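The values are calculated or read from the model by the stated rules, or taken from the named source; none is laboratory data. Given the structure is predicted, the values throughout are model-derived calculations rather than measurements. For neighbour counting, all protein chains shown are included, and Cβ atoms are generated from backbone atoms with ideal geometry for every residue, glycine included.
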Amino acid sequence: MAEKKQKVKKQKTKKPDIAKPTVILKEEELSVIGKPIPRVDARLKVTGEAKYAADMEAADMLWGAIKRSPHPHARILHIDTSKAERLPGVKAVVTGKDFGGFKWGWSRETRDEEPLATAKVRYLYEGVAAVAAIDEDIAEEACDLIEVEYEPLPGVFDPFEAMKEGAPLVHEDRKGNICVEYHWNFGDVEKAFAESYLVREDTFQTPRMAKGYIEPPAVLAYWPDSTHLTVIPAKGSPYFPYRILSNCFNLPLSNVRIIQPFVGADFGGTKNDMVSCDFSAPMLAKKSGKPVKIVYTQFEELTTCLRRHPMWVTMKTGVTKDGRLKAIQNKVISDGGAYTRMSPLSNFLTGICMALPYKLPNFKTEMHCYFTNNPSSAAMRGHGIYHTRFAGDVQMDMIAEELGIDPVEMRLRNAIENPKPGKIYETINKLHLATCGVEECVEKVAEAIRWEEKKKDERVRGSRAYGIGFACGTYLSGTKLSGHNACAAMVRICEDGSVNYITGASDVGQGSDTVMCAMVAEVLGIGLEDIDIKRVDTAHTPVDPGSYGSRVTVLAGEAAINAAKDAKRALLEVAAKEFGVKPEEMDIKNKRAFVKANPEMSIPWARLVRMACYTTPGMVIIGRGQSSRGISTYGLADFTTGIGDIGTNYSFTAQAQEVEVDLETGVVKCTDNSVIAHDCGFPLNPPAVDTQVVGGAYHPGVGAALYCEFKMDKGLTLNPNLVDYKLPRAYEAPMTQVIHVITNDPFGPFGAKEASEGSTCTAPPAVINAIHDAAGVWIKDLPAKPEKVFWALKEKREKGKK
Amino acid sequence: MKGEPKELKITVNGKTYELKVKAKALLSDVLRKDLKLTGVKRGCLESTCGVCTVILDGKAVRSCSILALQANGHEVTTIEGLAQGDKLHPIQQAFIDHGAIECGFCIPGRVMMAKALLDENPNPTREEVRLAMQGVLCADAGYVKQIEAVEIAAEKMRGGE
Amino acid sequence: MKDFEYVAPVTAEEALSLLSQYKEEAKIIAGGQSMLVVMRQGLLAPEVVVDVKGITALDYMTYDEREGLKIGALTTHRAIETSPLIQKQFRVLSEMERNLATIQTRNWGTIGGNLCHGDPAGDPAPVLIVLGAMLKLRKLTGERIVAMEDFSRDILEVDLEPSEMLIEIQVPPPRPHTGTAHEKLMVMQGDAGIVGVAVSITLKPGNGICEDARIVLSNAASIPLRAKEAERCLAGRAIDGDLLTEAGEVASKEASPPSDVHASEEYRREMIKVFVKRVANKALERAKLEVR
């Protein structure tokens, strides 16, 4: 995503054109979509046949390893690789210098990172060299033999140190260690505060988190010849390495082949961006003339790979006497770590959707992201929005308590109503909604958890207290990106009627392959089993930014539909000639092409296809389609001002979560009383939406609320393993119920919007609000670990005695 | 002698192999690299995530936490040994049918853990299913469908519907 | 992990011979569930690894009313957890095992390996101490018996000579009118306890006075800590809620718990208070059932 810097002109924002909605069929007309769709890749995964990057092999393959810095901030004075090179079994050694000064970054303006550090290292364990050898052990041993002379430098390890006058600079050319800052202003917050019945300011903190996927980064690289590079990386967005490696190795894009294996989840960050192994493996392969494979250890993943930003959100809110929002003013400080990466986008996202899901007439924010000598921060599910949504929905409950308003009622009063058909709701910063189901979501979760009954219950039972918390969330869907972020697809119909669906869109486990195939089957009028999809291979599949920005269903889906329509049109032209009608007078359903006015005039799918292929010599049926909504001419949001649609549409979520608080120890557990209502427009594959919503709420959501936090000491990660860094587990998982709220959005394929990022944003505030409902304490800095809750309870008891 | 490969005789998925392995080789190394059973996943190699879980003499173990030589003379089953030709094991089928598979990375280890549980205890309580699942980390699916899939498979295997 | 010479004896005698031969160069591996972790971290790099897991003769559990319970050192945690004998006679051992790490770890890891690893946060040691367990250690030249209570010397250091091996754990028959319990503070099921407490309470039949109390803490010092002062609070007294609270406070003062990424020293002290009270109460309730 290219970041627009201060100097960019204001984009004129376009109201989306609702006269031309995408395909919306009535539910009864659908054959495949909207029903449980079995995953196309489930069988391969459950038999162990699915191959992930670390499972890949090539003949004569070498193993690579990265040599890493023992200092979080230091100048590199000298690297001596001679001993490593002499070790028997070592076939190549590379250092940062081998990359000829190449730097890369998330956007052209932020190319500040090297594949391997040359002059300076900026975080502990940053890579400085790499080795390829005949086995892993020798590669590791060789790394130990590389001698590096460092001049350690003083460092800064959190934004507050980084922002101090005279603090050491992480990047010499970046004054004040400022990675990115935004200042936005909508309406008049000062006037609104002056007119408010109640004004409240609180500071909230979100933790430094690991992405949490289990599969560590891995890559296999080889050069079929000196001008062609093939890489098999664990990446959710294969077209990023495609472009970046083309730049790095000075190859035309046509010669860079990225083959996507099965990927063990993405979540943003490392798996859709580059890390040292992604550059080192191709360079080592080049030098050694052999394929090179590098598989990170979990330790490397947890200490060097990208993390979720820890953020400090100071939120000031003014409301009317009946609890309606008048103004919000935010101050957001975040720790971007050593390099820019995606921080511009991460920080932008903390503000862009602040005027959702509640009506907000005035909004001001200033966001500052600082460089520190910590591993870099980047995207993660719930990207950006989760931090301020957490603050907003907890503070909403605080205000509700002060005013004596029920938390459900509070949300209903503020919720944006679902626009009537044909109408658009516009926020103060010009986001446009054709649908917004948040009211219905709140009503449904309150009903499902039986709030009216339960709110009267005794909270304390013995040494435990039970409480229910509510929260609402939103997430952008079908991110509109600038730069070449097109989304295209092809549908190829083989002579026997089987179909290849060819797309660059990437399934990292969320089920997009399945849903794409289902859309193609629906449009073509055939069965899911007739569609074949293969993993992305940039040699054959059209370009696509891949799995991030919650865009795959919406944008790749649109491309799928258009490609299928194109192929269908070609076939119907042949059929129409046969029956002496116009193509528009025919349709295909249940694998038969038929004349709409006279359905007995029909021809089976397979026969039609054969007819088309053989009777029209040379006819090859290839449908092409692309998404028009995903590219820059369509209302791009302006990073400097915060104005404009960042999404094609927006999903809405509400969550009700019960917790049990052990009043003596502070241990908090989620109970099975857990409900999430999700407005994703129309659930294309309902069971897949369910799992994604539940998983989104639990892993990054409850994880942040209760368990996950990297503990740091001057750049050193103190808990770099999956037991001391507590990833959420099965025993504690609530059996969450999911309710679908259907709003049929006109801008998504079949009415769909993104599914499940919203719940990553509702779980943290719902849990924190539940703790307060149970035990009367507010935990504003996550995670709400037992010790924190314990001290808060003790303080409350002591205050109570006075 | 240190560094000299040692003999390992091991039965994996019904077939007996005679291999030479380093003393420090982990069982997961041997399964993945020597026997090409990449269904046994490599997650952490430090006993924290459980995706490397296999069945050793009928018991679920983390293959990264056992020296290969300790399996000398023992029987190992991996995910690749579960299906009978084209016919999937009821646990595998339940995971597919119930939509319990997302990225799939934890699934082989999880299914083997479930198999070990149901072989030992054909009628587990939900608590017992949770305890079994506790040993294999997932990052994405929230565990709900996986717990339910194990219960569905258990019922099927007991002869229910 | 550094490479090593590997030997796999099939009898205890063979193992002891090898230990006697290699002395400090050798380290025993049983289930390896603790060993491999430290070896992979580079904290331990023995020249020779003596794999005793194959010594099936040391995998047993026997009980008789006079001698009590005898557990071979190579019995797995899972075997102890699921043994009907243990569940009947020494329920607290099964309960403790159920909360220890994960099923996979318990399937292969052994009680002997766990005890010899000497982790002050470990669960079996405190429970065995309150049960009055003894350990049989053997070397080529003979055997000795050490009280479980005296086995730990320091963090990851136990009273075991390089040429010695733990052979058997001996637990005396359950004392009459005695209740035992164990609990630890977990955030997630299977966690090492932030703190852990094992308690055994013996009541005088007739007047319900506490005849004997044993309280042992884990993760509260550099070794499993017997909170003797706290025990003295209870012994000879009629136990009520206030007394339990007092015992908890005293135990908390006796302890010197660590601060780490999971919890501060202060919080651990507070939790010792809570858990001594909870677990002693549970042991008391169980003892009362035995008195009837």
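Computed quantities for the displayed model
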| read-out | value |
| --- | --- |
| So B:G99, is it in a helix (DSSP H, G or I), outside the structural domain of B:K41 (by TED's automatic domain parsing) and closer than 26 Å to A:G268 by Cα | no |
| Yes/no for A:L245 being within 14 Å of chain B (Cβ to nearest Cβ), crowded, with 19+ Cβ neighbours inside 10 Å and either in contact with a His (Cβ under 6 Å, 6 or more places away or on another chain) or over 19 Å from A:A379 (Cα atoms) (or both) | no |
| Any hit, segment A:82-91, residues being on the phi < 0 side of the Ramachandran plot, touching a residue at least 60 places away in the same chain (Cβ under 8 Å), of a type in the set (D, E, K, R) and surrounded by 18 or more Cβ atoms within 10 Å (Cβ to Cβ) | yes |
| Leading residue by the ranking (surrounded by the most Cβ atoms within 10 Å (Cβ to Cβ)) among those in segment B:102-114 that are assigned to a loop (DSSP other than H, G, I, E, B) and within 15 Å of the chain's Cα centre (by Cα) | B:C106 |
| Yes/no for C:E183 being under 30 Å from C:S20 (Cβ atoms) and in contact (Cβ under 8 Å) with a residue 12 or more places away in the chain | no |
| Residues (among the basic types (K, R) and within 23 Å of the chain's Cα centre (by Cα)) located in segment A:33-50 | A:R39, A:K45 |
| Residue match in segment A:77-84 (condition: outside any loop (DSSP other than H, G, I, E, B) and within 37 Å of the chain's Cα centre (by Cα)) | no |
| Members of segment B:115-156 that are touching a residue at least 60 places away in the same chain (Cβ under 8 Å), in a loop (DSSP other than H, G, I, E, B) and of a type in the set (A, V, I, L, M) | B:V136, B:L137 |
| Members of segment C:254-292 found to be more than 11 Å from chain A (Cβ to nearest Cβ), under 18 Å from C:P126 (Cβ atoms) and charged (D, E, K, R), listed by number | C:E254, C:R269, C:K282, C:R286 |
| Subset tally (residues that are surrounded by 16 or more Cβ atoms within 10 Å (Cβ to Cβ), at pLDDT 70 or above and on the phi < 0 side of the Ramachandran plot) for segment A:16-37 | 4 |
| Segment A:494-514 - residue that is small (G, A, S) and more than 14 Å from chain B (Cβ to nearest Cβ) and, of those, farthest from A:L44 (Cα to Cα) | A:G497 |
| Counted residues, segment B:33-61 - those being touching a Ser or Thr at 6+ places or on another chain (Cβ under 6 Å), more than 12 Å from chain A (Cβ to nearest Cβ) and surrounded by 24 or more Cβ atoms within 10 Å (Cβ to Cβ) | 1 |
| Residues located in segment A:515-565, provided they are in a helix (DSSP H, G or I) and among the basic types (K, R) | A:K565 |
| Test: residue in segment A:551-572 that is touching an Asp or Glu at 6+ places or on another chain (Cβ under 6 Å), free of Cβ contacts under 8 Å to residues at least 24 places away in the same chain and either over 28 Å from A:K211 (Cα atoms) or buried (at least 18 other Cβ atoms within 10 Å of the Cβ) (or both) | no |
| Among the candidates C:M61, C:M39, residue that is within 14 Å of chain B (Cβ to nearest Cβ) and in contact (Cβ under 8 Å) with a residue 12 or more places away in the chain | C:M39 |
| Any hit, segment A:717-737, residues being surrounded by 24 or more Cβ atoms within 10 Å (Cβ to Cβ), touching a His at 6+ places or on another chain (Cβ under 7 Å) and either closer than 24 Å to B:Q134 by Cα or within 13 Å of chain B (Cβ to nearest Cβ) (or both) | yes |
| Any pair with Cβ under 7 angstrom, 6 or more apart, that starts in segment A:661-675 at a residue that is facing chain C (nearest Cβ under 8 Å) and ends at one that is among the hydrophobic types (A, V, I, L, M, F, W, C) and part of a loop (DSSP other than H, G, I, E, B) | A:T665/C:L185; A:V667/C:V187 |
| Answer residue from segment B:1-32, given it is touching a residue at least 60 places away in the same chain (Cβ under 8 Å) and in a loop (DSSP other than H, G, I, E, B) and is farthest from the other protein chains (Cβ to nearest Cβ) among those | B:G14 |
| Selection count where residues are more than 26 Å from C:I155 (Cβ to Cβ), among the charged types (D, E, K, R) and within 13 Å of another protein chain (Cβ to nearest Cβ), scope segment C:1-36 | 2 |
| Exclusive hit being out of contact with any strand residue (DSSP E or B) (no Cβ under 6 Å at 6 or more places or on another chain) and buried (at least 22 other Cβ atoms within 10 Å of the Cβ), set A:K455, A:K480 | A:K480 |
| Those helices (runs of 4 or more DSSP H) lying entirely in segment C:206-292 with at least 1 residues surrounded by fewer than 24 Cβ atoms within 10 Å (Cβ to Cβ) and β-branched (V, I, T) | C:241-254, C:265-291 |
| Any hit, segment B:62-69, residues being in contact with a Lys or Arg (Cβ under 8 Å, 6 or more places away or on another chain) and in contact (Cβ under 8 Å) with a residue 40 or more places away in the chain | yes |
| Every residue from segment A:32-48 that is within 16 Å of B:C106 (Cβ to Cβ) and either assigned to a helix (DSSP H, G or I) or more than 7 Å from every other protein chain (Cβ to nearest Cβ) (or both) | A:D41, A:A42, A:L44, A:K45, A:V46, A:T47 |
| Selection from segment A:584-603 of residues that are in contact with a Lys or Arg (Cβ under 8 Å, 6 or more places away or on another chain) and within 27 Å of A:T503 (Cα to Cα) | A:D587, A:I588 |
| Selection count where residues are under 14 Å from A:D144 (Cβ atoms) and of a type in the set (A, V, I, L, M, F, W, C), scope segment A:80-105 | 4 |
| Selection status of A:G236, surrounded by 24 or more Cβ atoms within 10 Å (Cβ to Cβ) and either assigned by TED's automatic domain parsing to the domain that holds A:C487 or out of contact with any Lys or Arg (no Cβ under 6 Å at 6 or more places or on another chain) (or both) | no |
